[in-house]
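*Asks:* There's a structure below that I have some questions on.
The values are calculated or read from the model by the stated rules, or taken from the named source; none is laboratory data. Keep in mind it's a predicted model, so treat the numbers as computed, not measured. Note that each Cβ is placed from the backbone with ideal geometry, even for glycine, and that neighbours are counted across all protein chains shown. Quick note on the areas: whole protein, heavy atoms, side chains included, nothing else; ligands and nucleic acids left out. Shrake-Rupley method; radii C 1.70, N 1.55, O 1.52, S 1.80 Å.
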Amino acid sequence: MPIMDTGTFLKKNRLNKGFSQDKLCEGICSVQSLSDIENGRQGVSPVTFQKLTERLGIVTKVYPYFSSIDDYECFMAFRRIELYLNSFQLEAAFEDLKSVEKRDFAGNVFYYKKWLMGHAIISFVQGDYEDEVLMHCIEEAISIGNKFEDDPYSNPNGCSELHKFEPLDSLFARCTRDVRVKNDINEPINSIVISSLDDITLYTLIAGIFSRKAMVDEALKIVDLVLEFIDKMKYPDKAIMPYKQRLNLIKYDCLLKEKSYIEMNNEIESVLGDIAWTRQPYIVIQETWYYGLSSFYCNKTSKAIELFRQVIGCLYFVNAGMITRYISYIKEELKINDEVLNMYNCIDPCKRFEIPPTHDYELFESGVSVLDNKEFLDFGALLKYLRTSRDIPSKEVYEGLCSKSKYSKIENGIQNPSLLLSRALLGRLGIKESLFDFYGNKEESEYEEIQYKLSLLNGAEVQKYKTLLLEIEKLKITKDVQVKQYIMLNQGIFEADNDTKEIILKKAWSLTRESEELEQIPKRCTWNEYYILLHLIRCSIYKDEIKGLYRLLSLIDRIKQDNIDISQKRVTLPILYLSIPQAFINKKMYRELLDIDSDMDMPIMKLFPGIIAINKICMDYARKELQCPLLSETELCAAIYTLKITNNIPSLEYAQIILPKYRESAEKYLLID
């Protein structure tokens, strides 16, 4: 079945939720535009589409229709910005915000809203501006897409499709003037207006400002109102969890201001079990920081120092420039003088970012576009843009997935692919297959739901895996090559015998490739193919074949290419780098291990500081074997404490084995409380 279009999806879910067109589009677009979208007469930008679905209480990815190339590039830029801000990578986020501004926000008011929000987050983290000024800026962003009564920032026409907004630095200057004339930050807040997940982030920032000013009642009031909204909308737990975690951080700060240290300590301890190396570094670092503060004020000084060491160690690999702020607080406010923390005294503070220069007022639209617009990118046009802009021959995209004729029809908008083929084609073009949502038929949707359940299983849950695979086999889509390949991939993953596993995986590989034999790593791979490659490499490593390790390096080089999207790299690269250290040491491939040292500085790796840490420790061992200079004491210390804060137990246990053999100083850092 061809993929469902956005209009059909919106109309179906709007009716299911009992929304009128007026209620759904208020503050986002006109009723006429929504009607045109639902009936296939107009397209809608993904960022605008998300505003509509979030108002319905549905957290979706987006359908890959774009009003222009600028629309696509802005969308992808904000995807990167989100990942960067989740790991304190402020400079990388700032650079992408500049790139969005250069594209004039694709003429879309909601990209402008995200741009404001991005700068607000950076400013909040750095503390660049007065809190009152920052709050007014946040309120300006909130006013986009929401209708306020008697609000000076809202559009006087209520919900028109055109909005006029000023550039950020001019906005800050005006807010400063307003604050001096009327300091209204102390006025009570009785209600809030939220219509999207971005608004939740913005109100969380406002709550953080009040908490920072020790206005605890107001901060907690906002937190409660936001949580009430979240409960009312019934957003999926997986999608809303990061937002709740940030709201919890505000609660911890409020408890700190109220000196409710025992309650704060107990609340944080109740969630620490959720910490894993896959969680956002920002959340892990901040939770551990507050845990350290509550422990200190509960007279658990040694515990607090251990936690502070973990925070500083993790920041060392994520954004070392942020360390100075934390160290300063520990020394000046808590009067702690610790020899380990003193090792970081020579680190320079992070770069400060200036507000972008003023530019003229501009008119932005709501992201609704005419379908016959020459710039409009439907799915086929998007594939063509990605392929041609990256100089990829069409054969590398469609081979083994569909015929040349069918692919040509897809690119030229004559035919729509199925949900499964859509994802596979994107994968070959370097875009993570699950970045977008494709609304297929009932069987395809059930298949994707089972896929998600399978992804949560570990190798020991064999019976659950078998049950879920049987559910897939009952669906009417098992003739699809992608489904066949996925079934065989999972059969191989859960096969205990290594030789049998390899045979199954090679057969799975041959479903979309000409041969079972893997002489070299292909340039383009689908999601299924990447995982088959990874497990074939592991089979080879298990058999003690050195060629498996060189294939691993070759696969990493492929994924590091610029034409592979950050969302794809975020999933595949960490898994591969986690497979390297011990295997390379076992084979005494010390030089090859040191060759990937610079890879640990890639922005994508900073999302996984625990993986950086174990690679650094194993590289230290390689340096010892090659009689090269070892890691500095500071870097070694940071690596060990990063493994602790990320709860990377297997890697920490391995570090406990190899480090004491040649570095006596490591023992005091390795002690577990």
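*Asks:* Could we say that L489 is more than 21 Å from E461 (Cβ to Cβ) and either crowded, with 20+ Cβ neighbours inside 10 Å or touching a residue at least 60 places away in the same chain (Cβ under 8 Å) (or both) here?
*Replies:* no
*Asks:* Quick check: anything in the range 354-373 farther than 30 Å from F66 by Cβ and modelled with pLDDT under 75?
*Replies:* yes
*Asks:* If you don't mind, another one. Can I230 be described as touching a Leu at 6+ places or on another chain (Cβ under 6 Å), within 22 Å of E139 (Cα to Cα) and of a type outside the set (D, E)?
*Replies:* Against the criterion (touching a Leu at 6+ places or on another chain (Cβ under 6 Å), within 22 Å of E139 (Cα to Cα) and of a type outside the set (D, E)), I230 does not qualify.
*Asks:* Then there is this: Considering only the range 617-633, state which residues are touching a residue at least 40 places away in the same chain (Cβ under 8 Å) and in contact with a helix residue (DSSP H, G or I) (Cβ under 7 Å, 6 or more places away or on another chain).
*Replies:* I617, C618, D620, Y621
*Asks:* It is to be established whether one or more residues within the range 72-91 are within 21 Å of N416 (Cβ to Cβ) and either crowded, with 23+ Cβ neighbours inside 10 Å or touching a strand residue (DSSP E or B) at 6+ places or on another chain (Cβ under 9 Å) (or both).
*Replies:* Yes, the range 72-91 has at least one match.
*Asks:* When you look at L426, is it part of a helix (DSSP H, G or I) and under 21 Å from K479 (Cα atoms), yes or no?
*Replies:* Here the answer is yes, as L426 does meet what is asked.
*Asks:* Further question: Could you tell me which residue of the range 320-353 is farthest from the chain's Cα centre (by Cα), considering only residues that are hydroxyl-bearing (S, T, Y) and open to solvent by less than 30 Å² (accessible area, probe 1.4 Å)?
*Replies:* Looking at residues that are hydroxyl-bearing (S, T, Y) and open to solvent by less than 30 Å² (accessible area, probe 1.4 Å), I get Y344.
*Asks:* Starting from the range 451-465, keep only residues that are over 14 Å from G492 (Cα atoms), then list their pairs with residues that are among the hydrophobic types (A, V, I, L, M, F, W, C) and surrounded by 11 or more Cβ atoms within 10 Å (Cβ to Cβ) whose Cβ atoms are within a distance under 8 Å, requiring at least 6 positions of separation or different chains.
*Replies:* These pairs meet every condition: K453/L468; L457/L468; K464/L457.
*Asks:* Pairs needed: first member in the range 4-17, modelled with pLDDT under 85; second member anywhere, of a type in the set (D, E) and open to solvent by less than 30 Å² (accessible area, probe 1.4 Å); C-beta distance under 7 Å; at least 6 residues apart or different chains.
*Replies:* What qualifies is G7/E38.
*Asks:* Yes or no: the range 110-128 includes at least one residue that is open to solvent by 10 Å² or more (accessible area, probe 1.4 Å) and over 24 Å from the mean Cα position of the chain (by Cα).
*Replies:* yes
*Asks:* Here is a further query. Return the residues of the range 220-235 that are surrounded by fewer than 14 Cβ atoms within 10 Å (Cβ to Cβ) and under 15 Å from S196 (Cβ atoms); say none if nothing qualifies.
*Replies:* K232
*Asks:* Within the range 80-97, is there a residue that is of a type in the set (A, V, I, L, M) and more than 15 Å from the chain's Cα centre (by Cα)?
*Replies:* yes
*Asks:* When you look at L659, is it surrounded by fewer than 21 Cβ atoms within 10 Å (Cβ to Cβ), more than 24 Å from I556 (Cα to Cα), touching a residue at least 24 places away in the same chain (Cβ under 8 Å) and out of contact with any Gly (no Cβ under 8 Å at 6 or more places or on another chain), yes or no?
*Replies:* So L659 does not fit the description; no.
*Asks:* Would you please name the residue that is nearest to K395 (Cα to Cα), looking only at residues in the range 437-453 that are surrounded by fewer than 22 Cβ atoms within 10 Å (Cβ to Cβ) and under 21 Å from the mean Cα position of the chain (by Cα)?
*Replies:* Here the answer is D437.
*Asks:* Kindly indicate the residue of the range 51-71 that is among the basic types (K, R) and crowded, with 20+ Cβ neighbours inside 10 Å and also farthest from I144 (Cα to Cα) among those meeting that condition.
*Replies:* My answer is R55.
*Asks:* Report the residue count in the range 104-145 for those that are of a type in the set (V, I, T) and either modelled with pLDDT under 80 or over 22 Å from L249 (Cα atoms) (or both).
*Replies:* Residues meeting the conditions: 3.
*Asks:* Which residues, taken from the range 368-423, are under 21 Å from G107 (Cβ atoms) and part of a loop (DSSP other than H, G, I, E, B)?
*Replies:* Within the range 368-423, L371, D372, N373, K374, E375, F376, D378 meet the criteria.
*Asks:* Based on this model, can you work out whether Y465 counts as open to solvent by less than 30 Å² (accessible area, probe 1.4 Å) and aromatic (F, W, Y)?
*Replies:* The answer is yes for Y465.
*Asks:* Same structure, new question: If the requirement is being hydroxyl-bearing (S, T, Y), at pLDDT below 85 and more than 25 Å from the chain's Cα centre (by Cα), which of these qualifies: S540, S554, S515?
*Replies:* Selected residue: S515, the only one of S540, S554, S515 that is hydroxyl-bearing (S, T, Y), at pLDDT below 85 and more than 25 Å from the chain's Cα centre (by Cα).
*Asks:* A follow-up question, please. Using the structure shown, decide if I431 is within 28 Å of D71 (Cα to Cα) and either open to solvent by 60 Å² or more (accessible area, probe 1.4 Å) or of a type in the set (G, A, S) (or both).
*Replies:* Spelling it out, it is not the case that I431 is within 28 Å of D71 (Cα to Cα) and either open to solvent by 60 Å² or more (accessible area, probe 1.4 Å) or of a type in the set (G, A, S) (or both).
*Asks:* Among the residues of the range 278-286, are any open to solvent by 20 Å² or more (accessible area, probe 1.4 Å) and hydrophobic (A, V, I, L, M, F, W, C)?
*Replies:* no
*Asks:* Take the range 492-547 and flag every residue that is of a type in the set (S, T, Y) and part of a helix (DSSP H, G or I).
*Replies:* T500, S510, Y530, Y531, S540, Y542
*Asks:* List pairs: first residue in the range 511-524 and closer than 16 Å to M488 by Cα, second residue charged (D, E, K, R) anywhere in the structure, Cβ distance under 7 angstrom, at least six positions apart or on different chains.
*Replies:* Within 7 Å, the pairs are L511/K484; T512/E529; E516/K506; E516/K507.
*Asks:* Taking the condition of being closer than 18 Å to K569 by Cβ, hydroxyl-bearing (S, T, Y) and open to solvent by less than 30 Å² (accessible area, probe 1.4 Å), how many residues in the range 508-547 meet it?
*Replies:* The total comes to 2.
*Asks:* Can you pull out every residue in the range 25-45 that is surrounded by 22 or more Cβ atoms within 10 Å (Cβ to Cβ) and assigned to a helix (DSSP H, G or I)?
*Replies:* Correct list: C25, S33, L34, I37, E38.
*Asks:* Pick from N248, N190: which is modelled with pLDDT of 90 or more and either surrounded by 14 or more Cβ atoms within 10 Å (Cβ to Cβ) or in contact with a Lys or Arg (Cβ under 9 Å, 6 or more places away or on another chain) (or both)?
*Replies:* N248
*Asks:* Also: Scan the range 457-464 and give yes if some residue there is farther than 30 Å from F49 by Cβ and at pLDDT 85 or above, otherwise no.
*Replies:* The answer is yes, given that some residue of the range 457-464 is farther than 30 Å from F49 by Cβ and at pLDDT 85 or above.
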